[in-house]
Amino acid sequence: HEQSETLGFQAEVKQLLHLMIHSLYSNKEIFLRELVSNASDACDKLRFEAIDNPDLFQGDTDLRIRVEYDKDARTVTISDNGIGMTRDEAIANLGTIARSGTKEFFSQLTGDKQKDAQLIGQFGVGFYSSFIVAQKVSVLSRRAGVAETDAILWESDGQGEFSISPVEKADRGTSVTLYLRDGEDDFLGGWKLREILRRYSDHISLPIQMHKEEWDAEKSEQVKKNEWETVNQANALWTRAKSEVTDEQYQEFYKHIAHDFDDPLAWTHNRVEGRSEYTQLLFIPKRAPMDLWDREGKRGVKLYVKRVFIMDDAEQLLPTYLRFVRGVIDSADLPLNVSREILQESRDVRVIREGSAKRILSLLEDMAENKPEQYTEFWTQFGQVLKEGTGEDTNNKERIAKLLRFASTQAEGSAQTVSLADYVSRMKEGQDKIYYVSADSFAAASNSPHLEIFRKKGLEVLLLSDRVDEWMLSYLREFDGKPLVSIAKGGLDLDTLADEEEKKHQAEVAETFKPLVERLQTALGEKVKEVRVTSRLVDSPACVVVDENELSPHLLRMLQAAGQ
Ligand code: ADP
Ligand code: MG
């Protein structure tokens, strides 16, 4: 048998623990939410593994979470009969941080309490939040399917090390005991704990149980009875009628499933009946996760089948450009033993994916129309990802195009606030195109010499500088019947917008400069395709443009950089 051992926390854990205790103190009761959330996840995992291996239940299928306190020992204990942890799992899960985005997180810390608290929240507080109120934490755990004698005891004071020892445990699952710090006696009461559980954990679909309590007149205090009672609603939140769920409950549910500390920006909750039957509860986070651009990062939603948890990050249930959406989809049609491979092929999944995309787009349309400030918040965080949808989701291309926002010569600074519909509504008499210029940066776009004539004529030009823009433009060629045209390309015909006098003047100019053009053409020879007189410049003497049908210089540079 393995012996008791003392191990050091990964350096990042030490740093996180220190920060957490200092910056999240004003929110200290969240430790209970985090531990209940982990207990619930552990039960979900057991239920899922038991689909293939029912023996794991060993006769105990009533999954539940229990919360107890002991006034004399000054402890609070949260236990579950979920999946449990082996020694190796405990060392990995409770001693290190193995999450994508970890490096970014630590590099963004500033030392400013308030800012860091927000970052920590975004990063996810989890198990380590126990140390906000506890001077010592012990975790007793037995993995489902292993012997009574193979349980483990993990203990730490949160300073830098933890110990792990082999122990016996009669039943499966995990029990986390917090030895409270001085001054945290508030948590040693049934009323207080119930109040926190109702506030933060009512959405948990498993029963959360506490000992019943009764008023003892003789002792003149509440006494615990040897009997459990369930203190939450204990049904899956998404199965409840919308009218029976409060905003706070939706928000807490979101925090649990998204492992986010912040409230969501918006959500949509629907039950779909018909050929396919499913319930969706989808959330848009307030902030982009650290790993939004990480291809290995978490994405997608949790999949349930008839209320049984099947998997996290079921990326097939949403198109990739909606990878920032979090939530739950509960299908009535899929088999319980569905695998990721089956999900890829399934017709039911395709129906769900299309339905979910439509719901999210409706949610965004509604936000753009009725809550423009909220939409700006959304756009700042996720606009670049949504742009990918113009190429990925051809069925919804028009809807996505309406949701796009751009910087423009008619708007303030670099903020992306102008919609294509705004642009069209401001088009000049006779203008039949939507003009844009694209560059590596906003500064380069807004200082482009190509803009001169447009500024002079008062024609609006969209200023594009996001990495995805060129890619997007190769799919989004028109809006509302009007082609999107780069002002950096040749043959730009502004003549329809010129008045008679201007046209006459231009013709004269072209005639006068014919000899010069011919000399330039000879001098430049093969280096250029054509030299022509243009009316597109105001202050600059000349500019280089590419042919209408050629790649733009910006896209060329991008492709070259990508080694193509
Ligand atoms: P997260 O829940 O976001 O993964 P936590 O810090 O809350 O992060 O938990 C870390 C990990 O520890 C979990 O992912 C899980 O593997 C393990 N864990 C925590 N609590 C339990 C528990 N009650 N039962 C089984 N595993 C647990
Ligand atoms: Mg957790």
Checklist entry - Treating the beta-carbon of each Lys and Arg as +1 and of each Asp and Glu as -1, no other charges, what is the dipole magnitude of the range 1-145 about its Cα centre, to the nearest 20 debye? => result 520
Next on the checklist: How big is the dipole moment of the chain about its Cα centre under a simple scheme where the beta carbon of each Lys and Arg is +1, that of each Asp and Glu is -1, and everything else is neutral? Debye, nearest 20, please.
Outcome noted: 780
Item to check | Qualifying lysines (Cα of each under 18 Å from Cα of Lys397; at least 8 residues distant if same chain) | outcome: Lys358, Lys387, Lys482
Next on the checklist: I'd like the Karplus ³J(HN,Hα) series for the range 43-56: coefficients 6.51, -1.76, 1.60, θ = phi - 60°, whole numbers in Hz, and an x wherever there's a Gly or Pro.
Outcome noted: 6, 4, 5, 4, 4, 5, 5, 6, 4, 8, 9, x, 4, 4
Checklist entry - Any idea how many Lys pairs in the range 1-125 come in under 29 angstrom at the alpha carbon, given 8 or more places apart or on separate chains? => result 13
Item to check | Linear extension gain, Thr6 paired with Asn447, 0.36 nm per residue minus alpha-carbon span | outcome: 152.6 nm
Item to check | Peptides ranked, highest mean first, by Cβ atoms within 10 Å: ranges 101-107, 199-205 | outcome: 199-205, 101-107
Item to check | Sequence-distant residues sharing a close amide H with Met311 (under 5 Å, placed H) | outcome: Leu303
Checklist entry - Using the per-residue mean of other Cβ atoms lying within 10 Å as a proxy for protection, in what order, highest first, do the peptides 465-476, 522-533 fall? => result 465-476, 522-533
Checklist outcome for this item: Descending packing, highest mean Cβ count within 10 Å first, for 306-319, 267-280 is 306-319, 267-280
Checklist entry - In the chain, with Lys and Arg counted as +1 and Asp and Glu as -1 at Cβ, which of these residues, Ser356, His22, Phe123, has the Cα nearest the positive end of the dipole, that is, farthest along it? => result Ser356
Checklist entry - When the helices in the chain are scored as -39500 (n - 2.57) per DSSP H run of 4 or longer and the sum is shared across all residues, what 222 nm value do you end up with, to the nearest 500 deg cm²/dmol? => result -10500 deg cm²/dmol
Checklist entry - Can you give the FRET efficiency for Ser414 and Ala170, using 1/(1 + (r/R0)^6), R0 = 56 Å, r = Cβ-Cβ distance, to the nearest 0.05? => result 0.35
Item to check | In order through the range 192-205: 3J(HN,Hα) via Karplus (6.51 cos²θ - 1.76 cosθ + 1.60), integer Hz, x for Gly, Pro | outcome: 4, 5, 4, 4, 5, 4, 5, 5, 9, 10, 5, 6, 4, 7
Item to check | Signed unit charges on C-beta, dipole axis of the chain, positive-most listed residue Ser37, Leu516, Ser4 | outcome: Leu516
Item to check | Relative contact order of the range 331-472, defined on C-alpha pairs under 8 angstrom at six or more residues apart (%) | outcome: 19
Checklist entry - Could you give the length gained on full extension between Glu341 and Ser540, defined as 0.36 nm per residue of separation minus the Cα-Cα distance, in nm? => result 65.8 nm
Checklist entry - What are the aspartates and glutamates whose alpha-carbon lies under 12 Å from the alpha-carbon of Lys212, with same-chain residues fewer than 8 places away excluded? => result Glu68, Glu227, Glu229
Next on the checklist: At a threshold of 8 angstrom on Cα-Cα distance, excluding pairs fewer than six apart, so keeping six or more, what relative contact order does the chain reach in percent?
Outcome noted: 10
Next on the checklist: Using the Karplus curve 6.51 cos²θ - 1.76 cosθ + 1.60 with θ = phi - 60°, what ³J(HN,Hα) values do you get for each residue of the range 70-86, in whole Hz, with x for Gly and Pro?
Outcome noted: 9, 5, 6, 7, 6, 10, 10, 10, 10, 10, 9, 10, x, 5, x, 9, 7
Checklist outcome for this item: Two pseudo-spin positions, 7 Å from Cα along C-beta at Arg477 and at Ala234, lie apart in nanometres by 6.1
Item to check | Rg and Dmax [Cα atoms of the chain; Å; Rg one decimal, Dmax integer] | outcome: 30.6, 113
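Values quoted throughout were computed directly from the atomic coordinates according to the rules given, and no laboratory measurement underlies them. Owing to the predicted nature of the structure, the values given are computational and were not obtained by experimental measurement. All Cβ positions, even for glycine, are placed from backbone atoms using ideal geometry, and neighbour counts span all protein chains on display.
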